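Step one of this worksheet: look at the structure below.
The values are calculated or read from the model by the stated rules, or taken from the named source; none is laboratory data. Everything quoted here is computed from the prediction, not taken from an experiment. Note that we place each Cβ from the backbone using ideal geometry, even for glycine, and neighbour counts take in every protein chain shown. These accessible areas exclude ligands, DNA and RNA; they are computed on the full protein's heavy atoms, side chains included. Shrake-Rupley method; radii C 1.70, N 1.55, O 1.52, S 1.80 Å.
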Amino acid sequence: SAVISQKPSRDICQRGTSLTIQCQVDSQVTMMFWYRQQPGQSLTLIATANQGSEATYESGFVIDKFPISRPNLTFSTLTVSNMSPEDSSIYLCSVEDLAREQYFGPGTRLTVT
Amino acid sequence: GENVEQHPSTLSVQEGDSAVIKCTYSDSASNYFPWYKQELGKRPQLIIDIRSNVGEKKDQRIAVTLNKTAKHFSLHITETQPEDSAVYFCAASITDQFYFGTGTSLTVIP
């Protein structure tokens with residue numbers, strides 16, 4: 001399976017600021033995704049990161065709040081913009097391999113004060 | 001879109017007993033059904049999956065069954081051990097979209 005790393009692993013941010021989370025994969029993958037997982041909750045898909053084009057956002061998530069970049073097949077970033085305490089969550093990137101198996105990064109624990 | 005329901009939300013079993021977690025899905029186009037185990041503070045890990053052309057798949061103590069007609073699939077863990085304690089998520093996939101269940105917190109009591 002692919003090895004996925006995320007940076008930072010955790011951060012504490014002030015309201016109104018932005019944080020960019022990086023996701024790096026050790027091999028080229030077609031599909032990359034960004035999820036949010038609030039404490040004790042399931043995984044909510046934010047968007048699919050498309051290489052070379054705009055990300056595809058799920059209902060309830062917009063590009064102005066969660067801009068995503070994917071400059072190549074091994075790297076993606078998610079920015080959480082103009083943060084509020086409600087954005088406190090764990091953010092996970094994931095990749096899908098050719099067998100359609102999905103693997104998750106270690107997550108970024110974000111706390112907004 | 002796809003809607004995945006998962007039951008129960010919590011499950012406690014004695015060590016050595018079996019545990020069963022059930023999920024239902026709504027979209028008959030879903031054709032791939034993975035299960036993830038998430039230990040406290042860690043990332044979800046894929047533990048087993050099944051595709052729509054198969055009715056059952058087994059890997060040591062874990063097995064998954066799929067009933068396409070009824071649109072439900074289940075995870076079975078036999079001879080449970082304390083290290084099986086975790087939150088388990090089912091998912092249903094259509095092409096490259098994954099839809100997750102709400103999770104089952106499994107506690108195995110020694």
For this session: Tell me, please, whether a residue that is within 14 Å of chain A (Cβ to nearest Cβ) and either open to solvent by 70 Å² or more (accessible area, probe 1.4 Å) or over 18 Å from A:GLU101 (Cα atoms) (or both) can be found in the stretch B:26-40.
Result: yes
Seminar exercise, completed: Per the filter on the stretch B:75-97, residues within 13 Å of chain A (Cβ to nearest Cβ) and open to solvent by 40 Å² or more (accessible area, probe 1.4 Å) are B:VAL87, B:THR95, B:ASP96, B:GLN97
Problem set entry | Qualifying positions in the stretch A:94-113 - within 7 Å of chain B (Cβ to nearest Cβ) and of a type in the set (Gly, Ala, Ser) | A:GLY105, A:GLY107
Problem set entry | Boolean, B:ALA70 is farther than 25 Å from A:VAL95 by Cβ, more than 14 Å from chain A (Cβ to nearest Cβ) and open to solvent by less than 50 Å² (accessible area, probe 1.4 Å) | no
For this session: For the stretch B:1-77, please list each of the strands (runs of 3 or more DSSP E) lying entirely inside it that holds at least 3 residues being touching a Gly at 6+ places or on another chain (Cβ under 6 Å).
Result: none
